[in-house]
Amino acid sequence: MSERRDNEMAVPGNDDATLDPHSAQSGDPIDNPGLPAHRPRPTDIDRAAEKRAERQVAGMFGLATLCALLFGVAYFTLDIGEDPDTFLGLGASNLALGLALGLALLLIGVGAVQWARKLMSDHEIVEMRHPVASSEEDRTATLAALRQGTDDSGIARRPLIRNSLLGAVAALGIPAVLPLRDLGPLPGTALEETVWKPGMRVVNDVSGLAIKPAQVQVGQLVNAEPAVFFARDEEGEPLLEGPALQAAKVKAAVILVKIEPEQINALPARADWGVEGILCYSKICTHVGCPISLYEQQTRHVLCPCHQSTFDLADNAKVLFGPAARPLPQLPIGLDDQGYLVATSGFQEPVGPSFWERGDR
Amino acid sequence: MSAASVRKREPAKVKKPSKIGGAATWADDRLGLATVAKKNIRKVFPDHWSFMLGEIALWSFVILLLTGVFLTFWFTPSMGEVVYEGSYDQLRGITMSEAYATTLEISFDVRGGLLMRQIHHWSAMLFIAAMFVHMMRVFFTGAFRKPRELNWVVGGTLLMLGILEGFAGYSLPDDLLSGTGLRIADGLMKSIPVVGSYVSFFAFGGEFPGEAIIPRLFTVHVLLIPGLLLALIGLHMLLLVYHKHTQWPGPGRTEKNVVGYPMMPVYAAKAGGFFFIVFGVTALMGALLTINPVWLYGPYDPSKVTAGSQPDWYMGVAEGLLRIMPGWETELFGFTISWNIFLPGVVAPGIIFTTVILYPFIEAWITGDKREHHLLDRPRNAPTRTAFLVAAMTLFGLLWAAGGNDLLAILFNLNLNYITWFMRVAVFVGPPIAFILTRRWCISLQRQDEQQILHGYETGIIMRSPEGSYSERHLPIDPAAAYYLTSRDRDEVFEVGSKADGNGVVAPGSRKNTVRARLSRFWFADNVQKPTRQQLEEGHSHADQELALHAADAHPADGHQYDGRHDVAGDELRKE
Amino acid sequence: MRKLSARLSARLSARLSAGRRRRVAGLVVVASALLLTGGTYAVLSPATAQDDLAADAALVDRGRELFLVGCSSCHGKNAEGIMTSDGTQYGPSLVGVGAAAVDFQVGTGRMPLAQPGVQAPKKDALYTPEETRALAAYVASLGPGPAIPEETKYDLEEVDEEGIVRGGQFFLTNCTACHNFAGAGGALPEGKYAPSLSGVAPKAMYEAMLTGPQQMPVFSDQVITPEDKENVIAYVKSLEEEPSYGGFALGSYGPVAEGMFAWLLGIGALVGFAVWIGANSVRSKKGTKA
């Protein structure tokens, strides 16, 4: 068997304590020569070198003090804010404060280390290790104390107390875990619904301008949103804002692209989901939900910048490359009576990353 | 007063002049510090640069605490919306969260604020990088072996917590880049089977992005994880002090001692000085190098994104896994399992972390080594272990590169898709190749060491024998170096006894033992053992014979003079 | 417009019919009404109409000469485009691409393409500005397309702070996905890329948005108005002009570059310091005094 006894320290030259360390088969071939003799440094024997080193260390500490003072000067003289001071195209305040602080700290550190290396005693010292495990007496004493304590408590003789205590402590799991329930609402159907409704206009993001087909050219990409994001109520307040707006945006953001109709390979059920070659797809990647708008107009591929999932927008946003598993959902669009692009229905499948309950829609 | 009467009185309590000062006496009267301090003030620490890598992490943590507290004085962890009216022109009038607005305030309207933000962020990067480097050092030198396995577990946990802490930290400003990262984290949560959407809704307090995640991350980042980190770092240091630091083998060093310099004054100066150096370097980085320019990203908006969206480097492994994973997803009975997200994002990190934590126990099981180790292994003397880490580093390196595949594409003018395909293959092919190469390299280094021990070093003097053959003169290396090379354990392969005893009863766990024996053989395969005393003497006798052969030469050169270690001025030999 | 000219023509015809009505009178009325309507439309409609560049015949001829020498080998003798035998495009048709596209491609040196590839890189312009104008005039004469924008559209003079802020929001919505948050560029599939915007002239930026060069999509003036285009350009220029507040920008590539610098400079420096701290001091050559 080759397992070592526990707690035996590996000692080179002492692989097996029973074997003669000088025998031919085992042990160290060379004996430990012991600590090498101390070799003096110039500062140990040469007073001039020692003084020079001392001045060097003190000089570094002095420079550090100077840098700390310069920090104060820079703090009060260099402006930030509306009209910041600059230096060589960089922000002057950050640069000056940082250089002053950094040098002050660095010089203290370098000085301290130089002091240790050049002037402090560099004689090596030997300290013996103690066995890591406790001694046998300590172990026995501890075990005895434990045994005494356990006997006094009588827990071994009183299984009723022990079991009921365990049960009570286990039951505390309920009040420990349950209050976390209100961390958030249950998902319900939230992940499957967006704000898109039939008749809702598709408008350009940021400007909120409604879009007519004639305004979109072949090869164009429009980053679009539902018109409700720009709608205001009677008091002029936005209908959707804050977290509600963000939560709606994270599923409702879309892109419009115009493709030559003969290059579109729509599924039969989607034949009327576009207008004159203008197609509307969800902007939210089906991988883990980053917005996509890297559209290549000549290949009609769209690339997600996060993990490089690539979709073919001329082919129902089929996945061409990358870790996404499902095509981008398409939003059916049509025209309203004023000729602007509108959604003709909501999305027909959940938008964005997959989740357990999604199924094969 | 006569001497006799003085003696009769109670001898006055002689107040020795206190060497440690009045304050220390006051403290000691109440805390009994001297008992604890007596051993530790001159505690010996071995001196080697590779022992200071953990210190980089330790001091970075202190810097993070200091700069972090500074930042909390201005940062408001709220997703409530405000209209920005601060100094940064390009965002004035934009509606944004208070978290983002106060981050802009720190950057542009607080003197030194941007500096502290940048020092904090650089320091976080260095904290985790230093933990990795320190971990690699500990691994390569086998310092995780008994009795330090628990310290390794603590360290691995520290690394994991550090990574989570960094993620929470850079998500706090609620800017476009980190918000995109939170979106990806949300996608990862949703991919968990059965409970995914619940986890997502509970974490974000509703639908993504909600208004709860930033305040919650703030609590995690400022209270929960720092508390855990402090406690675990304390435990890590405590174990280090109790076990004492490991040391390299060498003259005067044994398993039973520690050779080095005392804490006071040398280590206090070196370690304390190193704190200032780490802080200084970090501050200089904060001064000169922009990091996380949140004003350029703008506030988080779920319909905006930037090219080159990556998390901070320490999440790069998960990012790379997500990018190269093919799009596999299955639907079962109306339920969706997203393998393409769940495997790289949740399962793989779990496996990696578990392997890291359990490693010392796995290696101990394979090698059957239950001895205490306080002397370090040279990496070459544990070829399989070294090769394993190099293979892991190769895997991690490839995944990091895969996480930045779009940047590789634009910086080096490469095809993005080819990079992804290359990585898909390389992560399977690269690590085994690295393993094999490293292992052979270690073994050949061991062979070189063996040559040096047995035959000495090559002097460069070529001798020609009377028969006409050439040989190079070798001289013995000095005893300290020879001792260093041989100061290592002999490897012992785990042997299985007979599977069944005399009555044909199979020993329990014998299949496990067979596997263990096979692994153990693989572990120590081709390892070059240190020579025995007899082999050494044989080697030396060869050298003596060599010397005898050339004794008849008119000018025998022992080569020793010309190896650069001696002064050869006026030497006769060269005059010929 | 229609109402105005209808009224005019009604009055005209009324006046004419007051006196002797010739048979031709009605025809003349209709013709003049048409001319009026069409001419007004041509003058006032967006720049998809042929502009006066194409009207300069001498310039167009000069452009055709240059085109035949330098461009027709890929784009065809009449700029109709050339398809290869397996159906891929050698050089696309230039009918209808407009003067703006030519001004962009030739002005930034992308065209003439030095060798076929997935993308035409920017390089030093081969043609002088006059020659570029001539080429643009020739292509504009082939069919209506976006005209070269007037200088007022990109001189950024009327853009105020609010415009820059608005431009920034457009930039972050439409542009950063390809060009990155600082305009430093980004990768596209199959070896293509969105180039850096650093140092690009405002006119070139405008024309690129308008014409959608190569893989870049088109951003028509009706969806992103000329004013908003100018705002976007003003924002990008403001990024170029603002100081780098935190120090060197490291290429503005984001966390990957930051991580690399953290390892190379940060860990490199600190490990270097550690090696120095642990190194033995210089040993004295003289004496053995301990």
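Summary table below
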{"quantity": "Residues (facing another protein chain (nearest Cβ under 9 Å) and not charged (D, E, K, R)) located in the stretch B:474-493", "calculated": "B:Pro479, B:Ala480, B:Ala482, B:Tyr483, B:Leu485, B:Thr486, B:Ser487, B:Val493"}
{"quantity": "From A:Leu146, A:Leu119, residue being more than 7 Å from chain B (Cβ to nearest Cβ), buried (at least 18 other Cβ atoms within 10 Å of the Cβ) and at negative phi", "calculated": "A:Leu119"}
{"quantity": "Residue count, the stretch A:124-137 (criterion: within 14 Å of another protein chain (Cβ to nearest Cβ) and either part of a loop (DSSP other than H, G, I, E, B) or more than 30 Å from B:Lys256 (Cα to Cα) (or both))", "calculated": "7"}
{"quantity": "Spans of helices (runs of 4 or more DSSP H) in the stretch B:29-148 with at least 2 residues within 13 Å of chain C (Cβ to nearest Cβ)", "calculated": "B:53-72, B:98-109, B:113-140"}
{"quantity": "Wholly enclosed helices (runs of 4 or more DSSP H) of the stretch B:185-244 bearing at least 2 residues within 7 Å of chain A (Cβ to nearest Cβ)", "calculated": "B:196-204"}
{"quantity": "In the stretch A:276-317, the residues that are of a type in the set (Lys, Arg) and either outside the structural domain of A:Val250 (by TED's automatic domain parsing) or buried (at least 24 other Cβ atoms within 10 Å of the Cβ) (or both)", "calculated": "A:Lys283"}
{"quantity": "Matching option when the condition is closer than 30 Å to B:Ala409 by Cβ and buried (at least 18 other Cβ atoms within 10 Å of the Cβ), among C:Ala101, C:Ala79", "calculated": "C:Ala101"}
{"quantity": "Residues within the stretch A:304-321 that are within 23 Å of the chain's Cα centre (by Cα) and more than 7 Å from chain B (Cβ to nearest Cβ), tallied", "calculated": "2"}
{"quantity": "Test for B:Ala99: is it touching an Asp or Glu at 6+ places or on another chain (Cβ under 8 Å) and either in contact (Cβ under 8 Å) with a residue 12 or more places away in the chain or closer than 25 Å to B:Val390 by Cβ (or both)", "calculated": "yes"}
{"quantity": "Qualifying residue in the stretch C:222-234 (condition: more than 12 Å from chain B (Cβ to nearest Cβ), crowded, with 17+ Cβ neighbours inside 10 Å and without any contact (Cβ under 8 Å) to a residue 24 or more places away in the chain)", "calculated": "yes"}
{"quantity": "Residues of the stretch C:82-98 that turn out to be surrounded by 15 or more Cβ atoms within 10 Å (Cβ to Cβ) and among the hydroxyl-bearing types (Ser, Thr, Tyr), as a count", "calculated": "1"}
{"quantity": "Of residues in the stretch A:318-342 being of a type in the set (A, V, I, L, M) and surrounded by fewer than 21 Cβ atoms within 10 Å (Cβ to Cβ), the one farthest from B:Ile341 (Cα to Cα)", "calculated": "A:Leu335"}
{"quantity": "Criterion: at pLDDT 80 or above and either out of contact with any strand residue (DSSP E or B) (no Cβ under 8 Å at 6 or more places or on another chain) or more than 21 Å from B:Ala364 (Cβ to Cβ) (or both) - qualifying residue of B:Asp553, B:Asp491", "calculated": "B:Asp491"}
{"quantity": "Single unsatisfied condition, A:Leu103 versus (1) within 46 Å of the chain's Cα centre (by Cα); (2) in contact (Cβ under 8 Å) with a residue 12 or more places away in the chain; (3) more than 17 Å from B:Phe274 (Cβ to Cβ)", "calculated": "(3)"}
{"quantity": "Residues of the stretch C:237-246 satisfying the condition of being surrounded by fewer than 23 Cβ atoms within 10 Å (Cβ to Cβ) and either in contact (Cβ under 8 Å) with a residue 60 or more places away in the chain or at the interface with another protein chain (Cβ under 10 Å from one of its Cβ atoms) (or both)", "calculated": "C:Lys237, C:Ser238, C:Leu239, C:Glu241, C:Glu242, C:Pro243, C:Ser244"}
{"quantity": "Positions within the stretch C:105-125 being crowded, with 21+ Cβ neighbours inside 10 Å and farther than 20 Å from C:Gly76 by Cβ, in sequence order", "calculated": "C:Gly107, C:Thr108"}
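Residue-by-condition table, conditions (1) in contact with a Phe, Trp or Tyr (Cβ under 9 Å, 6 or more places away or on another chain); (2) within 21 Å of B:Ala287 (Cβ to Cβ); (3) touching a residue at least 24 places away in the same chain (Cβ under 8 Å):
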position: A:Pro29; (1), (2), (3): no, no, no
position: A:Arg52; (1), (2), (3): no, no, no
position: A:Leu70; (1), (2), (3): no, yes, yes
position: A:Gly81; (1), (2), (3): yes, yes, no
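The values are calculated or read from the model by the stated rules, or taken from the named source; none is laboratory data. Because the structure is predicted, anything quoted here is derived from the model rather than measured. Note: ideal-geometry Cβ built from the backbone for every residue, glycine included; neighbour counts use all protein chains shown.
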